[in-house]
Amino acid sequence: MNGYRCIACSVTQSVDFDGFLCPCCGGNLDVSYDYAEVANRIDGGLPKGPPDLFRFAPLLPLKQPRSAFPLRVGGTPLYPAQRLGELAGMPRLYLKDDSLNPSASLKDRASAVAIGRALDTGAQVVSVASTGNAGASLACLAAATGLAAVVFVPASAPLAKLTQMLAFGARVLAVRGNYDDAYDLCLAASDEFGWFNRSTGYNAFTREGKKTCAYEIWQDLGGLVPDRVVVSTGDGNTLSAIWKGWCDLKAVGLIERLPKIDCVQSEASAAICNTVRQLRAGDALKVDWSTLQVQQVSASTVADSISVDRPRDGLAAVKAVIQSGGEAVTVADAEILAAIPEMARASGVFPEPAAAAPWAGVKQMLRQEQISADELVVCIVSGSGLKDVANTRSVLAEPQLIEPSLSAVRDCQQHW
Ligand SMILES: Cc1ncc(COP(=O)(O)O)c(C=O)c1O
Ligand SMILES: [Zn+2]
């Protein structure tokens, strides 16, 4: 790591900068590296094991190596999902199952590197605003490392996510309001009490953790670059991180071309997609990023993890979609919910609603002829289906209630 660059105005800060946002314009920062030096250190390949994200230390912004991190974060499987793909005539579909992280979502990548930074800087208390997963994740990894965690969530967050936070011993502040209210309160409280704030967008280190998802995909594809990586999007941090991961690989000379990154949002929470479409309707190549505003919406999707009025890393995500040539895809909530049992039944991977959105998005892109069926496509499964069973139950049949007798089973079986 050799400093920071502002996503909006491009002004750089030195590696010793100890703030979070750009002092010139208030924009989000991006961690920068001396890629020539990294290329020398890795000498033609990324480190291979042990199977967690800290093996990518040369491309992580941490002072102390975290080889002794108590939980395994990252190193999740990339599954060929042939039967699922065939439902849409796509033989080269893959699922990157990031629900297999310690707290069952991709957010653990962000929390692990943010906690690494908190430890590097001597912080004792870490805080976060969350729709649910980031809070569950921070609570989990803080428990594993012995830090105290304070989590701000909307009071309506799904029960499983709240239960995780409480079980891991975080101080959970359920805010009477939405995610955006929780976010603003977390900022103010962290400032007031000196907590290390891991909130998405505000904290540049979350992107550094999440980008490792791209490195792993590349390694697991045996050095192939997919045509597309499809990402469920709320704040936009995950998407911008996955784009950064591929850009890093190119910057250190490991790959020559970059994949397209497709942004999938619910129609009921589509701030980033709306902005990409507006730019594409004009001249996207001439955009002045320092003045671009992502217009806020009034979000109401059932996919709680991506229900965001004001994306906190929206500019970085819009840039990533435009620069990569990816699509901005909006899907109906009914399509997101229908994608859950479809994925579960044809792949054995059970996603939460937000994590099913990429598959709903792929089908939408096929219908609209934005992609062709022979492309190599990776959908990111960003969170486990066990995190929000209530919404999924609404699209499933009830179990058959029977007497404990063989004849009752026979009666049922005749109707299957
Ligand atoms: C399961 C899941 N998928 C996707 C996202 C979207 O990530 P981002 O808000 O960075 O766009 C989140 C964020 O909370 C999430 O929890
Ligand atoms: Zn700036």
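Is region 254-305 rounded, prolate or oblate when judged by the Cα gyration tensor, a ≥ b ≥ c being the square roots of its eigenvalues, rounded requiring a/c under 1.5 and prolate requiring a/b larger than b/c? Note, shape of region 254-305 comes out oblate.
Note on Ser405 and Leu224: their simple-model spin labels are 5.5 nm apart, each label 7 Å out from Cα toward Cβ. Estimated purely from DSSP H runs of n ≥ 4, each contributing -39500 (n - 2.57), the mean residue ellipticity at 222 nm for the chain is -11500 deg cm²/dmol once divided by its residues. Taking the DSSP bridge list for the chain and keeping only pairs wholly inside it, about 30 percent are antiparallel. In terms of its alpha-carbon gyration tensor, region 27-98 comes out prolate; a/c meets the 1.5 threshold, and the first ratio a/b outweighs b/c. Using the Cβ-Cβ distance between Ala281 and Gln323 with R0 = 25 Å, the FRET efficiency computed as 1/(1 + (r/R0)^6) comes to roughly 0.90.
With the other protein chains left in place, how much accessible area per residue, in square angstrom, belongs to region 165-232 at a 1.4 angstrom probe?
37
Lys and Arg at +1, Asp and Glu at -1: add these up for the other residues within a Cβ distance under 15 Å of Ala284 and post the number. Counting the neighbours of Ala284, the net charge comes to +2.
Inter-label distance, Asp288 to Ala189: 3.9 nm, where each label sits 7 Å from its Cα along the C-beta direction.
The distance linking region 328-401 with region 243-291 is 22 Å (Cα centroid to Cα centroid, whole angstrom). Counting Cα-Cα pairs of the chain in 10 Å increments starting at 0 gives whole-percent bin shares of 5, 23, 34, 25, 9, 3, 1, 0. Residues whose amide H comes within less than 5 Å of that of Ala268, counting only those at least five positions distant or on another chain, are Asp333 (H built at 1.01 Å from N in the peptide plane).
Over the chain, with every protein chain in place, what whole percent of the accessible area is carbon and sulfur at 1.4 Å, could you tell me? On the chain, the fraction of accessible area on carbon and sulfur atoms equals 51 percent. Scoring 281-287, 110-116, 142-148, 71-77 by mean Cβ neighbours within 10 Å over their residues and listing the highest first yields 110-116, 71-77, 142-148, 281-287. Build a GNM of the chain with springs between Cα atoms under 10 Å: which of Thr291, Thr233, Thr163 gets the top mean-square fluctuation? Ranking Thr291, Thr233, Thr163 by mean-square fluctuation puts Thr291 first. Length gained on full extension, Glu267 to Val389: 41.8 nm, using 0.36 nm per residue less the C-alpha separation.
The values are calculated or read from the model by the stated rules, or taken from the named source; none is laboratory data. Just so we're clear, the structure is a prediction, and the values are computed from it rather than from any experiment. Don't worry about glycine lacking a Cβ; one is built from the backbone with ideal geometry, like all the others, and counts go over all protein chains shown. We work out accessible area using only protein heavy atoms, side chains counted, and drop any ligands, DNA or RNA first. Shrake-Rupley method; radii C 1.70, N 1.55, O 1.52, S 1.80 Å.
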